[in-house]
Amino acid sequence: MSILIDETRRVLVQGITGREGMTRARLMKGYGTQVVAGVTPGKGGQDVEGVPVFDSVREAWEAVGPIDVSVLFIPAPLVKSAALEAINAGVKLLVIVPDRVPIYDVLEIVDAANRAGARFVGPNTLGVLSPGKGVLGMIGGQAESARAWFPPGPVGVTSRSGGITSSMAYYLAQAGIGATTLVHVGATRWWASPTRRS
C-alpha cells in the first residue's frame, strides 16, 4: 500500500519556473505524477512542461480545482511564506525540498500545518516515491532511472538520509524486494533566522 502519493493526487509545484523546479517537474510528469499547476509570483500565464503557471496558490486552485500536494522548490529564506500560502489555500500535504530553512520558520510552518490539519515532509528532503504510481520531489533523478531502480513491492523505506533512503530501496530491489513507498524525511539544520539571533 502506497502512502502520501499515488496516481490520483493532484500536485502543484511552487517555484516551477526556476532551474530545479523545471527539472523536477519534468521528472514528476515523466513518471506519471498528476502535476496540474505551478506557481511563481510574477510569472503567471507561462507554461512549464505543459503545466500552467500562476502567480499564487489561490489563483491556481481557482483555475484548476482542488490541489492535494504542493512541492516547494523555493529559496530557503522564502520557504515559510510559500508554505503558509499553500496551507492557507487548503493544500494538505507539502514536500519542502530546500535545505537551510531557518528553524524558527519551520516551527511556524509546523504550527500552521497543525492548525489546518495539514502535513509536510522536509525541509531538506529528496521527496517521496511510490513505485509505479508517482513521485514528489527529486528521488531517482530522472523518470527512467526512477522506474528502473525502484520496482513496486511489499516494503516501505524511510530515513532522515536521502542517500540511505535511495540506496536501501535500490539494494532491496537488486535482491528482488520492491517497495511500496520511499520517504526521505529530511532534516532541519539549526539555522537561526538573522532577525531572531541574540
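One Cα centroid belongs to the range 137-168, the other to the range 64-112; the line between them spans 23 Å. Annotation: amide H of GLY44 within the under-5 Å range of ASP55, sequence separation 5 or more or interchain, hydrogens built in the peptide plane.
Modelled spin-label separation between THR158 and VAL185, with each label point placed 7 Å from Cα along the Cα-to-Cβ direction: 0.7 nm. Comparing ASN88, ASN124, ASN114 in a Gaussian network model of the chain where C-alpha atoms under 10 Å apart are linked, the largest mean-square fluctuation is found at ASN114. Under Stokes-Einstein, with the Kirkwood radius over Cα pairs as Rh, the value for the range 10-184 at 37 °C and 0.692 mPa s is 204 µm²/s.
Each residue of the range 155-169 was assigned a 3J(HN,Hα) from its phi angle through the Karplus curve 6.51 cos²θ - 1.76 cosθ + 1.60 (θ = phi - 60°); the sequence is 10, x, 10, 8, 6, 6, 9, x, x, 5, 4, 5, 5, 4, 5 Hz, with glycine and proline shown as x.
Angle of helix 103-116 to the longest C-alpha principal axis of the chain, folded into 0 to 90 degrees and rounded to 10: 90°.
So what's the range 19-58 giving for Rg/Rh, alpha carbon basis, Kirkwood Rh from the mean inverse pair distance?
0.96
Between GLY176, GLY122, GLY163, the GNM of the chain built on Cα springs shorter than 10 angstrom shows GLY176 fluctuating the most. Once both labels are positioned 7 Å from their Cα atoms along Cα-to-Cβ, the gap between GLU62 and ALA175 label points is 5.3 nm.
How far, in degrees from 0 to 90, does helix 79-89 lean away from the longest principal axis of the Cα atoms of the chain, to the nearest 10? Tilt relative to the chain: about 90 degrees. If the segment from ASN88 to GLN142 were pulled out straight at 0.36 nm per residue, it would be longer than the present Cα-Cα gap by 16.3 nm.
A crude spin-label estimate for the pair GLU108 and SER81, with each label 7 Å from Cα along the Cβ direction, gives 1.0 nm. Residue separation of THR23 and ILE3 scaled by 0.36 nm, minus their Cα-Cα distance, works out to 4.8 nm of gained length. If you count Lys pairs in the chain whose Cα atoms are under 23 Å apart, skipping same-chain pairs closer than 8 places in sequence, the total is 6.
Test of understanding: in a Gaussian network model of the chain with alpha carbons linked when under 10 Å, which of ALA86, ALA112, ALA148 would top the mean-square fluctuation ranking? Of ALA86, ALA112, ALA148, the Gaussian network model singles out ALA148 as fluctuating most.
Since every read-out is calculated from the coordinates, none of them should be taken as a lab result. Note that the structure is a prediction, hence the values are computed from the model and not measured. Virtual Cβ from ideal backbone geometry, glycine too; neighbours counted across all protein chains shown.
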